[in-house]
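What follows is a short report on a single structure.
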Amino acid sequence: MRFSRLYPLHFITLNLVLILYLIFIFLNVELFSFSEINIKHYLLNILLISNWGFENQASFNTPSWSVSIEMMLYIIFFLTARKKIKIFHSTTLLILFSLFLFYFNKLIGYGFFCFFIGGFTFLVFAKINNYKIKKVNYIIFFLFTSITVIFFINLYKVTDIQFKIFCIFNTSYNSDIFISYSEI
């Protein structure tokens with residue numbers, strides 16, 4: 001469902017940027033701040049894998065990095081959910097893996113952490129709700145999670161606004177996905 005809303009806009013903006021780039025080349029005007037406008041990077045963008053580590057640098061529609069990583073995470077989540085592994089355990093392992101991954105590819109590490117911390121938060125709240133624990137525990141859990149995220153941001157000296165925005169948007173979408181798989 002999300003893919004069917006995102007991809008048409010991605011496709012249109014990608015081709016619009018390509019057309020504008022070609023027009024600017026024809027007019028001998030340099031307005032683009034990146035140099036990787038080529039067939040390889042066009043294919044990476046069209047397949048929504050533009051920030052999976054195959055790219056040389058930013059190209060075409062640079063803000064689509066988050067959509068690219070989001071698609072990767074949906075695939076990983078789907079494969080994890082199909083394996084019938086306990087979703088709580090696999091989500092925890094993927095969060096820990098994101099801390100390791102952060103050193104090799106910052107954007108993918110951010111994506112992993114934010115996507116799966118959002119799912120993990122939902123799973124914990126669902127567990128708490130199943131046990132009919134008082135709302136005070138919701139507040140305690142929220143504070144604990146917030147302190148953990150703040151610790152992570154301070155530990156890695158994360159100041160990028162991209163990370164914060166990516167976390168906010170992804171945690172709101174993740175709960176819908178985890179609802180269907182919370183019984184696994």
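Read the figures in this text as sums done on the coordinates, not as results from a lab. Being a predicted model, the structure only gives us computed values, none of them experimental. Every residue, glycine among them, receives a Cβ derived from its backbone with ideal geometry; neighbour counts consider all protein chains shown.
Brief remarks on what is shown
- Exposure proxy for ILE23, ILE39: other Cβ atoms within 10 Å of each Cβ, ordered fewest to most, give ILE39, ILE23.
- Percent of C-alpha pairs per 10 Å bin in segment 2-64, short distances first: 21, 53, 23, 3.
- In a DSSP loop and with at most 15 other Cβ atoms within 10 Å, the trypsin sites (Lys or Arg not before Pro) in segment 9-99 are LYS83, LYS84, LYS86.
- FRET efficiency, 1/(1 + (r/R0)^6) with R0 45 Å, evaluated for LEU27 and PHE97 via beta carbons: 0.45
- Protection-proxy order for peptides 62-75, 87-100, 9-22, each taking the mean of Cβ atoms within 10 Å per residue, highest first: 62-75, 87-100, 9-22
- Separation of the ILE75 and ASN129 label points, Cα + 7 Å toward Cβ, nm: 3.1
- Inter-label distance for ILE140 and TYR7, nm, one decimal - labels placed 7 Å from Cα along Cα-to-Cβ: 4.6
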